[in-house]
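J.: This structure is in structure tokens; I'll ask about it shortly.
The values are calculated or read from the model by the stated rules, or taken from the named source; none is laboratory data. Remember, predicted model here, so these are calculated numbers, not experimental data. Glycine gets a Cβ as well: all are built from the backbone with ideal geometry, and neighbour counts include every protein chain shown. Remember, those area values only see protein heavy atoms, side chains included, never the ligands or the DNA or RNA. Shrake-Rupley method; radii C 1.70, N 1.55, O 1.52, S 1.80 Å.
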Amino acid sequence: AISVKSLEVFFGINGKNFQRQYKERLSGFEKWDQQSHATDYLVYPENIGPYISLDETALSNGELYTIFTNKSKKGKQGSIVAMIKGTAATKIIEVLKNKLTPKQRNSVKEITLDMAGSMNEIARVCFKKATRVTDRFHVQKLAYSAVQDIRIKYRWEALETENNAYLNARANNKIHRPVILSNGDTYKQLLARSRYLLFKSRKKWTQKQTARAEVLFQIYPDLYKAHKLAMSLNSIYEHTYVKSVALTKLAHWFRKVEQSGFRNFATVMRSFQIHYDSIANFFNNRSTNAAAESFNAKIKDFRRNFRGVTDVKFFLFRLTKIYA
């Protein structure tokens, strides 16, 4: 995409005049049949397909839109099925029921989504014949967050201990020198620098991360157990292709969570129980919401190329000209 500013620099034209002429004369914006309701909703029934993704995206100032995309279009023309302002299930259901016929909605066989209650309600009511699939990455993110919560708890404790040591040393006219661990980190540094390695399996660690992990897990065995739990869930998703086998493995994982005694992981398990059917449906076709996340990135890139969103309606027009 080429910005008006670039045209102004390279061709010596008046950028503001050209932008106005493009919008009012050249683009077709004035004759756009969805202009009257564009900032509220956009629906393209002809783009619906058997496999769709449901996600939310922010255009400007945190203003959210719920977006439905056709997976088969792979983020190209015809991808956008609907964009509706907000995330309130009631409003979105009303728009979809008014703008999509029952036949069109019933043609959807599978819909991938995250664990938000509103998303599930929309999918359940509007696409009754579609199998709902909870995106695996949202599930795994919960487990990774549980590990990070434990790391953060220990990091705050390390910060408090170090601050107290400095204050005590100062009160006694002494110099505090923090303990240097075998890998060269202090306790505070060890916990801060271990953030990214805890998101990865052992085989993906660098040599330095391996050395840091050995020290970390020796001092904080709870982090070792929590990381192992998160990685075992990741392994189920990565290496299981039969739903019945996956359900058995997940049952074993639930038992390990119960035995661990970690409250954060108990919360993850309760989320599993609430969304159990849609989580298990992943193992039917191994479908993810990656297409929606990729399309979301395209919207952000499009927004960045045009220096943000000042005219939301015109931005949506340009977006749908390319992707709808």
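Results for (1) surrounded by fewer than 16 Cβ atoms within 10 Å (Cβ to Cβ); (2) under 27 Å from Thr267 (Cβ atoms); (3) hydroxyl-bearing (Ser, Thr, Tyr), shown as yes or no for each residue.
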position: Glu160; (1), (2), (3): yes, yes, no
position: Leu167; (1), (2), (3): yes, no, no
position: Leu198; (1), (2), (3): no, yes, no
position: Lys203; (1), (2), (3): yes, no, no
position: Ala213; (1), (2), (3): no, yes, no
position: Ala226; (1), (2), (3): no, yes, no
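J.: Does segment 98-110 hold any residues that are without any contact (Cβ under 8 Å) to a residue 60 or more places away in the chain and within 15 Å of Asn70 (Cβ to Cβ), and which are they? Lay out the reasoning, then the answer.
T.: Start the filter on segment 98-110 by keeping residues that are without any contact (Cβ under 8 Å) to a residue 60 or more places away in the chain, which leaves 98-107, 109.
Across segment 98-110, the qualifying residues are Leu100, Gln104, Arg105, Ser107, Lys109.
J.: Output yes when any residue across segment 111-118 is within 30 Å of Asn70 (Cα to Cα), part of a helix (DSSP H, G or I) and at pLDDT below 95, and no when none is. It would help to see each step written out before you state the result.
T.: Of the residues in segment 111-118, the ones within 30 Å of Asn70 (Cα to Cα) are 111-118.
Applying the additional criterion that residues be part of a helix (DSSP H, G or I) yields 117-118.
Next, only the ones that are at pLDDT below 95 stay: 117-118.
The answer is yes; a qualifying residue exists.
J.: A further question follows. List the number of the failed condition for Ile92; all other conditions in (1) part of a helix (DSSP H, G or I); (2) within 22 Å of Thr134 (Cβ to Cβ); (3) open to solvent by 60 Å² or more (accessible area, probe 1.4 Å) hold.
T.: Evaluating Ile92 over (1) part of a helix (DSSP H, G or I); (2) within 22 Å of Thr134 (Cβ to Cβ); (3) open to solvent by 60 Å² or more (accessible area, probe 1.4 Å) leaves (3) as the failure.
J.: Oh, and also: Out of all the residues in segment 305-314, is one or more surrounded by fewer than 16 Cβ atoms within 10 Å (Cβ to Cβ), at pLDDT 90 or above, within 30 Å of Lys76 (Cβ to Cβ) and within 24 Å of the chain's Cα centre (by Cα)?
T.: Among the residues of segment 305-314, not one is surrounded by fewer than 16 Cβ atoms within 10 Å (Cβ to Cβ), at pLDDT 90 or above, within 30 Å of Lys76 (Cβ to Cβ) and within 24 Å of the chain's Cα centre (by Cα), which makes the answer no.
J.: Find all pairs meeting these conditions: Cβ atoms under 9 angstrom apart; at least six residues apart or on different chains; first residue within segment 203-224 and touching a residue at least 24 places away in the same chain (Cβ under 8 Å) and over 16 Å from Leu181 (Cβ atoms); second residue open to solvent by less than 70 Å² (accessible area, probe 1.4 Å) and not in a helix (DSSP H, G or I).
T.: Once the first residue is touching a residue at least 24 places away in the same chain (Cβ under 8 Å) and over 16 Å from Leu181 (Cβ atoms) and sits in segment 203-224, its partners that are open to solvent by less than 70 Å² (accessible area, probe 1.4 Å) and not in a helix (DSSP H, G or I) give Asp222/Phe262.
J.: Another question, then. When the residues of segment 157-199 are narrowed to those that are of a type in the set (D, E, K, R) and over 36 Å from the mean Cα position of the chain (by Cα), which ends up nearest to Lys225 (Cα to Cα)?
T.: Here is the first cut: in segment 157-199, the residues of a type in the set (D, E, K, R) are 157, 160, 162, 170, 174, 177, 185, 188, 193, 195.
Right, trim to over 36 Å from the mean Cα position of the chain (by Cα) and you get 170, 174, 177.
On the way: Arg170: 38, Lys174: 39, Arg177: 31 Å.
Result: Arg177.
J.: Considering only segment 237-257, how many residues are surrounded by 12 or more Cβ atoms within 10 Å (Cβ to Cβ) and under 26 Å from Lys153 (Cβ atoms)?
T.: 4
J.: What is the residue count in segment 80-89 for residues that are open to solvent by 10 Å² or more (accessible area, probe 1.4 Å) and touching a residue at least 24 places away in the same chain (Cβ under 8 Å)? First the steps, then the outcome.
T.: Looking only at segment 80-89, we keep the residues that are open to solvent by 10 Å² or more (accessible area, probe 1.4 Å), and these are 85-89.
Checking which are touching a residue at least 24 places away in the same chain (Cβ under 8 Å) leaves us with 85, 87-89.
Residues in segment 80-89 being open to solvent by 10 Å² or more (accessible area, probe 1.4 Å) and touching a residue at least 24 places away in the same chain (Cβ under 8 Å): 4 in total.
J.: Quick check on this structure: which one of Gln77, Gln104 is touching a helix residue (DSSP H, G or I) at 6+ places or on another chain (Cβ under 9 Å), open to solvent by 40 Å² or more (accessible area, probe 1.4 Å), at pLDDT 80 or above and in a helix (DSSP H, G or I)? Before the answer, list the steps.
T.: Working: Gln77 fails: in a helix (DSSP H, G or I).
Within the list Gln77, Gln104, the selection yields Gln104.
J.: What do you reckon, is Ala292 touching an Asp or Glu at 6+ places or on another chain (Cβ under 6 Å) and either surrounded by fewer than 20 Cβ atoms within 10 Å (Cβ to Cβ) or part of a helix (DSSP H, G or I) (or both)? Give the steps one after another, and end with the answer.
T.: Working: touching an Asp or Glu at 6+ places or on another chain (Cβ under 6 Å): yes; either surrounded by fewer than 20 Cβ atoms within 10 Å (Cβ to Cβ) or part of a helix (DSSP H, G or I) (or both): yes.
Here the answer is yes, as Ala292 does meet what is asked.
J.: With the structure loaded, tell me whether Val312 is of a type in the set (Val, Ile, Thr) and under 17 Å from Thr66 (Cα atoms) or whether it fails that test. Talk me through it step by step, then tell me what you get.
T.: Working: of a type in the set (Val, Ile, Thr): yes; under 17 Å from Thr66 (Cα atoms): yes.
So Val312 passes the test.
J.: Of everything in segment 21-68 that's closer than 27 Å to Ala123 by Cβ and assigned to a helix (DSSP H, G or I), which residue is modelled with the lowest pLDDT?
T.: Among those that are closer than 27 Å to Ala123 by Cβ and assigned to a helix (DSSP H, G or I), it is His37.
J.: Being free of Cβ contacts under 8 Å to residues at least 40 places away in the same chain and crowded, with 19+ Cβ neighbours inside 10 Å narrows it down to one residue among Leu233, Leu190; which is it? Spell out the reasoning first.
T.: Numbers: Leu233 fails: free of Cβ contacts under 8 Å to residues at least 40 places away in the same chain.
It is Leu190.
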